[in-house]
Amino acid sequence: GENVEQHPSTLSVQEGDSAVIKCTYSDSASNYFPWYKQELGKRPQLIIDIRSNVGEKKDQRIAVTLNKTAKHFSLHITETQPEDSAVYFCAVMDTGRRALTFGSGTRLQVQP
Amino acid sequence: GAGVSQSPSNKVTEKGKDVELRCDPISGHTALYWYRQSLGQGLEFLIYFQGNSAPDKSGLPSDRFSAERTGGSVSTLTIQRTQQEDSAVYLCASSLAGGPSEQYFGPGTRLTVT
């Protein structure tokens, strides 16, 4: 099955700085890569996703890049704000199971 | 519109008892997923339904776990003879169609086995 590794496990940045979270995956056939944000005690919510036919996607301060050859993808948050503080999970669609395999999460803390 | 709902929000049970967790997906969503999130951990896939059928049950951790979905809508996850290691938040998600599309999560059921 799919194996997803996510780094770093914790990340602390100053407000206004950029944050980058990286994930690697094992199944070269995987074709869908979403990122979820989970605030404390809340449900995960999709913030951005990318499909395998695209190398980069942006939505305001958030961007995701995908390198299919190297089997890794990254989340980039620019101009971070305190409300960006949360746990971020990457995920990969397992084409066999048709379900998401999640990374272990990154706790992002934005210091005001 | 209404999102994914789950009940109960919290469940405390004694070791050895059976529990049933319920998920109401977004109306019209054909795909439904169950995940488990242990404290401070990522999400672990349990089972996936397309309509009423579950093509993949391989994520269920043991034969004490079972799930069903009726009428292409509501799903129940049943855990028999609960163990302390079953304590976790059980999350349900639905999507318009299976495969590479956004999954919308419910608020979860926090299960505590004492």
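Couple of notes before you dig in:
- If the Kirkwood radius is taken over C-alpha pairs of chain A, then at 10 °C and 1.306 mPa s the Stokes-Einstein diffusion coefficient equals 113 µm²/s.
- For peptide B:42-54, the mean count of partner chain Cβ atoms within 10 Å of a residue's Cβ comes to 3.
- Label point 7 Å beyond Cα of residue A:17 along Cβ direction - residues of the range A:91-112 with amide nitrogen under 17 Å: A:106-112
- Ranking B:70, A:65, A:88 by how far each Cα lies toward the positive end of the dipole of the protein assembly as shown (charges on Cβ) leaves B:70 at the top.
- Under 21 Å, Cα to Cα: Lys pairs in chain A, sequence gap 8 or more or different chains: 11
- Residues in the range A:13-57 that a label on residue A:71 would reach, taking backbone N under 13 Å of a point 7 Å out along Cα→Cβ: A:24-31
- Normalised contact order of chain B, rounded percent, pairs of Cα under 8 Å and 6 or more residues apart: 37 percent
Since every read-out is calculated from the coordinates, none of them should be taken as a lab result. Small disclaimer: the values here were computed from a predicted structure and weren't measured. Neighbour counts are summed over all protein chains in view; Cβ atoms, including those assigned to glycine, are modelled from backbone coordinates with ideal geometry.
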